[in-house]
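A quick write-up on the structure given underneath.
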Amino acid sequence: TRSTRPQRLLRAVQKKAIKGDPQSVISTIDYFCRHSEWAMNVGDEKGAILDSVVCEVSPSTALELGTYCGYSTVRIARLLPPGTKLITLEFNPDYAAVARQIIEYSGLQDKICLVEGASGDLIPKMQELFGIKTFDFVFLDHWKDRYLPDTKLLEECQLLRKGSILLADNVICPGTPDYLEYVRNSPRYESKYFKSHLEYTKVEDGLEKSVFLG
Ligand SMILES: CCCNc1ncnc2c1ncn2[C@@H]1O[C@H](/C=C/CNC(=O)c2cc(-c3ccc(F)cc3)cc(O)c2O)[C@H](C)[C@H]1O
Ligand SMILES: [Mg+2]
């Protein structure tokens, strides 16, 4: 049967990127998505905003919801200080398999823990599985109608502390209206919109950065 787009993206990385060089993996994926096949990675323009927030927060504990091919996983992990872990959740085994190979190719496997499963099942197990008390940073990039329920679940599981940062992709396109309304109107969050564009296009999109106030 015909290969999938993630498999073709992985093949491009294995063919063109420098093994052990995260930046070359990132650039190869961006080139592939611009010139061969569009894919729903956060991309280079929004990726630069992601980078700046990760550097500013310099998290000791970080969570990503929705690994997909691992593009943002590599982007985040390459900026983490030694000894810190990025936990990334992916419930589709085929995407998880591609992401594992892209993460391995980048050489960042020691900073990343990819867990196969649904966020709704795994978030309540973060303490028992990883000894995580709270997350300093959460990147939301999975199904858009799951951003709000998973944010409420993170609150209920006491996985957010005063100052925890949530960064959400696609708040305009495809859009996450219920999530935006919540973080922008809840007294428990201080929210800020970073205007940008849908990856590899001129369509407006952006990232919403929300600080949990406790
Ligand atoms: C119940 C499960 C929830 N828990 C879950 N737990 C674990 N993993 C989960 C969960 N829910 C989903 N996932 C995984 O995360 C990934 C899903 C990612 C979804 N991303 C988009 O839909 C999107 C679309 C566009 C877009 C824009 C314009 C267009 F024209 C077309 C597309 C752009 C973008 O930047 C986008 O991120 C992956 C495919 C999927 O298996
Ligand atoms: Mg996205």
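The values are calculated or read from the model by the stated rules, or taken from the named source; none is laboratory data. Quantities reported herein were computed from a predicted structural model and do not represent experimental measurements. When we count neighbours, we look across all protein chains shown, and the Cβ atoms used for this are built from the backbone with ideal geometry, even at glycine. Ligands, DNA and RNA are stripped out before the accessible areas are found, and what is left, the full protein with its side chains, is counted by its heavy atoms. Shrake-Rupley method; radii C 1.70, N 1.55, O 1.52, S 1.80 Å.
Identify, by number, the condition in (1) in contact with an Asp or Glu (Cβ under 8 Å, 6 or more places away or on another chain); (2) within 16 Å of ligand 2 (Cβ to nearest atom); (3) open to solvent by 40 Å² or more (accessible area, probe 1.4 Å); (4) not hydroxyl-bearing (Ser, Thr, Tyr) that residue 93 doesn't meet. In the conditions (1) in contact with an Asp or Glu (Cβ under 8 Å, 6 or more places away or on another chain); (2) within 16 Å of ligand 2 (Cβ to nearest atom); (3) open to solvent by 40 Å² or more (accessible area, probe 1.4 Å); (4) not hydroxyl-bearing (Ser, Thr, Tyr), residue 93 misses (2) alone. Here residue 183 fulfils each of the conditions (1) among the β-branched types (Val, Ile, Thr); (2) under 18 Å from residue 85 (Cα atoms); (3) crowded, with 22+ Cβ neighbours inside 10 Å; (4) more than 16 Å from the chain's Cα centre (by Cα) apart from (2). Look at (1) over 15 Å from residue 99 (Cβ atoms); (2) in contact (Cβ under 8 Å) with a residue 12 or more places away in the chain; (3) of a type in the set (A, V, I, L, M, F, W, C) and you find that residue 18 fails only one, number (2). Of the residues 148, 166, 159, 129, the single one that is open to solvent by 50 Å² or more (accessible area, probe 1.4 Å), of a type in the set (A, V, I, L, M) and at negative phi is 129.
Among the numbered conditions (1) touching a residue at least 40 places away in the same chain (Cβ under 8 Å); (2) open to solvent by 40 Å² or more (accessible area, probe 1.4 Å); (3) of a type in the set (Lys, Arg), the only one that residue 209 does not meet is (2).
Restricting attention to the stretch 186-196, and to residues there that are touching a residue at least 12 places away in the same chain (Cβ under 8 Å) and more than 12 Å from ligand 2 (Cβ to nearest atom), which single residue is surrounded by the fewest Cβ atoms within 10 Å (Cβ to Cβ)? My answer is 187.
With respect to (1) within 10 Å of ligand 1 (Cβ to nearest atom); (2) surrounded by fewer than 18 Cβ atoms within 10 Å (Cβ to Cβ), the lone exception for residue 99 is condition (2). Only one of the numbered conditions (1) in contact (Cβ under 8 Å) with a residue 24 or more places away in the chain; (2) of a type in the set (Gly, Ala, Ser); (3) away from ligand 2 (no atom under 16 Å from the Cβ); (4) closer than 21 Å to residue 47 by Cβ is not met by residue 175, and that is (3). Beta carbons closer than 7 Å, at least 6 apart along the sequence or on distinct chains, pair a first residue in the stretch 111-122 that is on the phi > 0 side of the Ramachandran plot with a second that is surrounded by 15 or more Cβ atoms within 10 Å (Cβ to Cβ) and in a strand (DSSP E or B) for 117/89.
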